[in-house]
Amino acid sequence: MEPSPYDPELELEANRLYAEAIASAKDSGIKDVKRYLGRKAFEEIKCGSEYNAWKIQLEFATLFAMAELTEALELLFRGKITQTMALQPQGGRGIHRSLPTFRWCAEKTNLTGYGLFTIEGVAPRAVVGVSVPA
């Protein structure tokens, strides 16, 4: 078994945020959201998942945006950022694939004030970090 490529503390924090995002979405009372997430949702998106986690994270972000689950979406964003930080320096590249989808989800749910997706040279409104809305 290979050692984890993640910083252990940041991996735990990212997984905690992902678990909270899933719980928040399931607690929303929207049956279709709960059905789509299924029983293994956390296992599918956590750090070190055996599934294609980054693609499933994008699917869940889109689902949360369409269902207007801003709390779950923000937790998912924070989890993704923490997961990316846990892989530094090589992990910083991985978030680039996710930026267009995450940016659309943030715009759809009016979460753009957090500046979650502003990486210089990648997109005009695209971060690695969380800031408080202005």
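Residues E44, E107, E50 ordered from highest to lowest accessible area at a 1.4 Å probe: E50, E107, E44. Neighbours of E13 by Cβ distance under 14 Å: Lys/Arg scored +1, Asp/Glu scored -1, total 0. Surface composition of the range 7-58: carbon plus sulfur atoms hold 51% of the accessible area, using a 1.4 angstrom probe and ignoring ligands, DNA and RNA. Cross-link partners of K26 among aspartates and glutamates, defined as those whose alpha carbon lies under 17 angstrom from its own and excluding same-chain residues fewer than eight positions apart: E43, E44, E59, E68, E71, E74. For K46, the aspartates and glutamates whose Cα comes closer than 12 Å to its Cα, not counting residues fewer than 8 places off in the same chain, are E11, E13, E20.
Modelled spin labels at K26 and R39, positioned 7 Å past Cα toward Cβ, are 1.1 nm from each other.
Counting only protein heavy atoms and a 1.4 Å probe, the range 1-91 has 57 square angstrom of accessible area per residue.
Taking amide H atoms as placed 1.01 Å from N in the peptide plane, the amide H of C47 lies under 5 Å from those of N15, each 5 or more residues away in sequence or on another chain. Distance between the 7 Å Cα→Cβ label points at T62 and E50: 2.6 nm.
The values are calculated or read from the model by the stated rules, or taken from the named source; none is laboratory data. On a predicted model such as this, the values are computed, not experimentally measured, just so you know. All Cβ positions, even for glycine, are placed from backbone atoms using ideal geometry, and neighbour counts span all protein chains on display. Calculation scope for accessible area: heavy atoms of the full protein, side chains included, ligands and nucleic acids excluded. Shrake-Rupley method; radii C 1.70, N 1.55, O 1.52, S 1.80 Å.
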